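Below is one structure, written out as structure tokens; the observations come after it.
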Amino acid sequence: MADRVTVIGWDGSPLTGAATAALSAATLVAGAAHHLALPEVPEHAERIRLGSIDLAARRIAGHRGSAVVLADGDPGFFGVVRNLRAPVYGLEVEVVPAVSSVATAFARAGMPWEDARIVVAHPRTLRRAVNVCRAHHKVAVLTSPGAGPAELALLLEGVHRTFVVCEELGTAREQVSIVTSDRAADHVWRDPNVVIVIGGGSEPQAAGAWIAGHAPGGPRGVRGWALPSEAYPADPRAAGGARGESREGESPGLRAAQLALLGPRTGDLLWDIGSGGGALAVEAARFGAAVLAVDSDPAACARTAAAARAYGVQVQVVEGRAPQVLEPLPEPDIVRIGGGGVAVVTAVTERRPERVVTHASTRDEAEALGAALTGHGYTVRCSLLQSVELDTSAWSERERSVVFLLSAVRSDLAP
């Protein structure tokens, strides 16, 4: 095993004394081509061009002498330190850090970043990174070949964002460009780069903030979920302009059960088909998921947009009738179907989301929906939910609801 392994972060600034000393004593140096070209790398040292971290780590583990690994930015932040410290290699690692590329990118942009989400985009994780950009106002994306600014922009089609693209930070070729997302796909960007994705409303106020990323409870710090009907904008067509949901599928009790079964989380894309007043869409967005709220009623779409603004979350509203309107939409991870019957269920299952929830008012309808889900490769469960709302001034029954709740998990993922 190597006598000593030092990981040195490099951000383009002159190397520190500790980094220079480690390099001068190195008998093996690993890094990218621009790292190995640094004048501080000793001529006598064995050089390894970093490609596969696994191969490099095994080579270092078998080396007799002092090894140095050079990496861009802070190597302990989404960097090589985690890989090198894996128990399988048995390496003891010392780290000489540098300013992370994310911190440098925000500094170049002159922007605060304690409220930003930070994601890594590889070809296999690109879709989830895009979902985070859909759901949040400020996201820093550490890109990779095949998952760069152009690919981000293509998958964000229909969602307006501003890109701050920081190319080759810390080098003589450093460049910072500000473009709209619809223009980013038309350009060839140099690697490595960091993209700050901004948009979807005004910047949240972070005065008094105490936690990075986002405040617990979402942008407005609201406590609780499955909020009562009066927490959402009124339906002007309801009697007396009353607040609340006009559809059974949006009652707080059923909404709570649907959210629990869907488990929306950061990186997911939820389709809320038949979104009504937007209560479930908004609450799923508060959990960090990206949300497409679909409804054929223009008034319902307007209420969903208003609810999203009121709670400071990003919800993309799609007006149109399912299943036809679903065809061009990006691939969902989870789907809530508020109406449309077997035709909509069939269209959804063809897109292979992980989970689907829907409901029915009669047993015959529940059986038809369950058969459609089962027939398309889903494991289905059904519960009969009954809730009674009481008027606590007189402890008398105010409203009763009975509904069949169906939940489906793709059979290859079912326990």
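Filter the stretch 316-344 down to the residues that are open to solvent by 30 Å² or more (accessible area, probe 1.4 Å) and touching a residue at least 60 places away in the same chain (Cβ under 8 Å), then identify the one that is nearest to residue 255 (Cα to Cα). Looking at residues that are open to solvent by 30 Å² or more (accessible area, probe 1.4 Å) and touching a residue at least 60 places away in the same chain (Cβ under 8 Å), I get 339. In the stretch 133-144, the condition of being over 20 Å from residue 177 (Cα atoms), open to solvent by less than 20 Å² (accessible area, probe 1.4 Å) and part of a helix (DSSP H, G or I) is met by at least one residue. For residue 185, only one of the following conditions fails: (1) of a type in the set (A, V, I, L, M, F, W, C); (2) touching a strand residue (DSSP E or B) at 6+ places or on another chain (Cβ under 9 Å); (3) surrounded by 15 or more Cβ atoms within 10 Å (Cβ to Cβ). What is its number? Among (1) of a type in the set (A, V, I, L, M, F, W, C); (2) touching a strand residue (DSSP E or B) at 6+ places or on another chain (Cβ under 9 Å); (3) surrounded by 15 or more Cβ atoms within 10 Å (Cβ to Cβ), residue 185 violates only (2).
Tallying residues that are in a loop (DSSP other than H, G, I, E, B), open to solvent by less than 30 Å² (accessible area, probe 1.4 Å) and touching a His at 6+ places or on another chain (Cβ under 9 Å) within the stretch 100-132 yields 1.
Considering the stretch 266-315, and only residues there that are within 19 Å of residue 230 (Cβ to Cβ) and either without any contact (Cβ under 8 Å) to a residue 24 or more places away in the chain or within 13 Å of the chain's Cα centre (by Cα) (or both), the residue that is most open to solvent (accessible area, probe 1.4 Å) turns out to be 302. Within the stretch 147-177, count every residue that is in contact (Cβ under 8 Å) with a residue 60 or more places away in the chain and closer than 30 Å to residue 14 by Cα. Total meeting the criteria: 6.
Just one of 397, 367 is of a type in the set (Asp, Glu) and surrounded by 12 or more Cβ atoms within 10 Å (Cβ to Cβ); which is it? Within the list 397, 367, the selection yields 367. Residues that are open to solvent by less than 50 Å² (accessible area, probe 1.4 Å) and closer than 22 Å to residue 120 by Cα number at least 3 in the following strands (runs of 3 or more DSSP E) confined to the stretch 45-99: 66-72.
Consider the stretch 33-44 and keep the residues that are open to solvent by 30 Å² or more (accessible area, probe 1.4 Å) and not in a helix (DSSP H, G or I). The one that is nearest to residue 6 (Cα to Cα) is 40.
The values are calculated or read from the model by the stated rules, or taken from the named source; none is laboratory data. None of the values given here were measured: they were computed from a predicted structure. So basically every Cβ, Gly included, is an ideal-geometry build from the backbone, and we count neighbours across all protein chains shown. For accessibility, only protein heavy atoms count, side chains too; no ligands or nucleic acids. Shrake-Rupley method; radii C 1.70, N 1.55, O 1.52, S 1.80 Å.
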